[in-house]
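Below: one structure, written as structure tokens.
The values are calculated or read from the model by the stated rules, or taken from the named source; none is laboratory data. Note that this is a predicted model, so its numbers are computed, not measured. Ideal geometry is used to build each Cβ from the backbone, glycine not excepted, and the neighbour counts take in all protein chains shown. Heads up: the accessible areas ignore ligands, DNA and RNA and are worked out on the full protein's heavy atoms, side chains in. Shrake-Rupley method; radii C 1.70, N 1.55, O 1.52, S 1.80 Å.
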Amino acid sequence: MKTVVRAQVIEVLQRALQQISVVEAAWEGGSAAFGQVDGLSDIDAVAVVADDAVDATFAQVEAALGALSPIALRYDVPGTAGFRQKFYRLRDAGEFLVVDLVLLRHSDPLLFREVELHGHGTTWFDRRGLLVESHLDPVHDLDQARARVPVLAAAFDMFQHIVTKERLRARAVEALVFYQSMTLRPLVEAVRLLHCPQRRVFGLRYLARDLPASECERIEALAFVRDLGDLADKHELARRWFGRCIERLQRLGPGSGLPPE
């Protein structure tokens, strides 16, 4: 039974981190940074700690969370660069109120502060004035977006036959997987390059946040495939839409707006 609510977990996290003297700053990101918190949101917490205190900080936070509710599950994210990340599910907080805790070492670059990518994080505390919001360099980012267009177009044109041949072989699973990865994902990237180029790297995530509702509906219609016949039809629609997007990107560039249907 769910007995622990979001406000309680945040209070425990804030208090635990602030009581650790080597934690220099902490904030909440994720959906809270975009004003999108709802009853299904998790808690994205980030803290800057002394270089040699990462493991000890995780241990102290885990002890504090465990005093609120037994920790039912923990997942340590492997292979991260520049930060450490762990997820926690509390037994009494329900399925969705997961804690996503990221620790940055003091000597590492201050990540996750670009407003265009990560929104306006809610500062919990900042002992040294570290938490200054930053912005992407608009000129450099636009140059990168422009450079992405020919690469995206070439890859799309090169690999559409794989979707078709697997469909013709009646290999439904393979055809669908290739359609998702080689057709739908690059299509969405092209749409993002036109509408929100600074958020082009987010792929199929956060579509409702980043794109107009009409475009989300079009993408959803293409994403849900009934059978191989439906796949053939939607593959063709996706190819045509991609072609219109690339033509506009090549002519007018990233951020020029979506083409008419």
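The HN-Hα couplings worked out from phi for the range 114-119 by the Karplus form 6.51 cos²θ - 1.76 cosθ + 1.60 (θ = phi - 60°) are 5, 4, 4, 9, 10, x Hz, whole numbers, x standing for Gly and Pro. This model, with +1 at the C-beta of Lys and Arg and -1 at the C-beta of Asp and Glu, gives the range 142-208 a dipole about its Cα centre of some 120 debye. In order along the range 186-200, phi translates into HN-Hα couplings of x, 4, 5, 4, 5, 4, 5, 4, 7, 9, 9, x, 5, 10, 5 Hz, rounded to whole numbers, per the Karplus curve 6.51 cos²θ - 1.76 cosθ + 1.60 with θ = phi - 60° and x for Gly and Pro. The magnitude of the dipole of the chain, with charges of +1 and -1 set on the Cβ of Lys/Arg and Asp/Glu and taken from the Cα centre, is near 640 debye.
Annotation: lysines with alpha-carbon distance below 22 angstrom to K234 (same-chain offsets under eight excluded): K165.
Legend: calculated FRET efficiency, D126 to L237, from the Cβ-Cβ distance at R0 = 41 Å, rounded to 0.05, equals 0.25.
Sorted on the mean count of surrounding Cβ atoms within 10 Å across their residues, most packed first, peptides 76-83, 208-215 read 208-215, 76-83. Computed from Cα atoms, the angle from the helix 6-18 axis to the main principal axis of the chain rounds to 60 degrees.
Quick one: pull the percent of accessible area on the range 133-209 belonging to carbon and sulfur, 1.4 Å probe, ligands and nucleic acids left out. Of the solvent-accessible surface of the range 133-209, carbon and sulfur hold 61 percent.
Taking the Cα centre of the range 88-199 as reference, the dipole from Cβ charges on Lys and Arg (+1) and Asp and Glu (-1) amounts to some 400 debye. Remark: the range 124-261 carries 55 Å² of accessible area per residue (probe radius 1.4 Å; ligands, DNA and RNA excluded). FRET efficiency for the D143 to L252 pair, using the beta carbon distance and R₀ = 22 Å, is estimated at 0.90. Give the separation of the Cα centroids, the range 109-139 to the range 151-222, in Å. Here the answer is 30 Å between Cα centres.
Near Y88: Cβ cut-off under 11 Å, other residues only, Lys/Arg at +1 and Asp/Glu at -1. The net charge is 0. The accessible-area ordering, largest first, of the residues Y88, Y75 stands as Y75, Y88, per a 1.4 angstrom probe.
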